[in-house]
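Engineer: Below is a structure I'd like to ask you about.
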Amino acid sequence: MTPFFPSPSLAIAFVAASLILAATPGADMALFLSRTLSGGRAQGFAAQAGANLGLVVHSLGAALGLSALLAASSNAYEAVKIAGALYLLWLAWRAIRDGSALKLKADGSAGGGLRGAFTTGLLINLTNPKIVLFFVTFLPQFIGASDPQASAKLFALGLGFIAITTPVNALVILAAGRCVAAAKRNPRALRWFDYGFAALMSAFAARLAWIDAR
């Protein structure tokens with residue numbers, strides 16, 4: 001019987017990757033900081049709750065879609081993983097070329113209150129095709145093409161990603177003012193996040209290519 005949980009080495013890799021991705025500045029972090037600075041921590045946490053709900057939907061979609069693809073053809077599933085490796089390399093290249101500068105809304109608007117913050121967080125994830133691509137390329141790296149429990153494991157990994165990244169984002173919200181001030185004072189620190197993100201994406205792409213070449 002195939003064990004449900006990944007091996008210790010894969011589990012450590014998953015947790016480390018999730019932590020780095022959570023700490024890397026992006027659209028979600030910019031939204032959480034903007035809402036917190038303009039409307040208070042309550043709005044920051046409301047935006048985070050909406051974003052997390054969007055991630056739950058993406059996790060479910062990735063689990064159902066990838067498991068259906070696996071049921072139809074293991075070769076097609078492997079092809080998606082190869083395409084995913086190329087996509088991860090593209091993300092690495094974009095991180096080095098363009099960077100992940102933390103851009104906050106200049107108007108400081110906190111319109112809509114808690115409901116508006118929650119809805120914005122939800123929509124920013126549900127309507128972002130990059131998040132769909134990320135889940136489709138990131139999660140399959142921890143599931144084998146012959147795994148009979150692929151669907152349940154993919155969904156569990158998606159929920160695990162949310163559970164790991166939520167505390168990191170919560171700390172960012174609690175220290176929003178300091179985070180923004182530190183980012184403005186130390187732009188080089190953001191570049192180190194870019195390099196770390198690029199290295200992480202490249203490492204996973206290499207791992208995918210190595211596994212499929214075996």
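Each row is one residue, and each column tells you yes or no for (1) open to solvent by 20 Å² or more (accessible area, probe 1.4 Å); (2) more than 15 Å from Arg115 (Cα to Cα); (3) in contact with a His (Cβ under 6 Å, 6 or more places away or on another chain); (4) hydroxyl-bearing (Ser, Thr, Tyr).
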{"position": "Ala11", "(1), (2), (3), (4)": "yes, yes, no, no"}
{"position": "Ile20", "(1), (2), (3), (4)": "yes, yes, no, no"}
{"position": "Gly26", "(1), (2), (3), (4)": "yes, yes, no, no"}
{"position": "Arg35", "(1), (2), (3), (4)": "yes, no, no, no"}
{"position": "Gly39", "(1), (2), (3), (4)": "yes, no, no, no"}
{"position": "Gly44", "(1), (2), (3), (4)": "no, no, no, no"}
{"position": "Gly50", "(1), (2), (3), (4)": "no, no, no, no"}
{"position": "Val56", "(1), (2), (3), (4)": "yes, yes, no, no"}
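Engineer: Among the numbered conditions (1) surrounded by 20 or more Cβ atoms within 10 Å (Cβ to Cβ); (2) of a type outside the set (Asp, Glu); (3) within 19 Å of the chain's Cα centre (by Cα); (4) at pLDDT 75 or above, tell me where Gln141 comes up short.
Structural biologist: Condition (4) is where Gln141 drops out.
Engineer: Residues that are modelled with pLDDT under 80 and either more than 15 Å from the chain's Cα centre (by Cα) or closer than 16 Å to Gln141 by Cβ (or both): does segment 21-41 have at least one?
Structural biologist: Checking segment 21-41: at least one residue is modelled with pLDDT under 80 and either more than 15 Å from the chain's Cα centre (by Cα) or closer than 16 Å to Gln141 by Cβ (or both).
Engineer: Just name the residue that is least open to solvent (accessible area, probe 1.4 Å) out of those in segment 60-115 that are modelled with pLDDT of 80 or more and of a type in the set (Phe, Trp, Tyr).
Structural biologist: That would be Trp90.
The values are calculated or read from the model by the stated rules, or taken from the named source; none is laboratory data. All values reported here derive from a predicted model rather than from experimental measurement. So basically every Cβ, Gly included, is an ideal-geometry build from the backbone, and we count neighbours across all protein chains shown. Accessible surface is based on the protein model in full, side chains and every heavy atom, while ligands, DNA and RNA are left aside. Shrake-Rupley method; radii C 1.70, N 1.55, O 1.52, S 1.80 Å.
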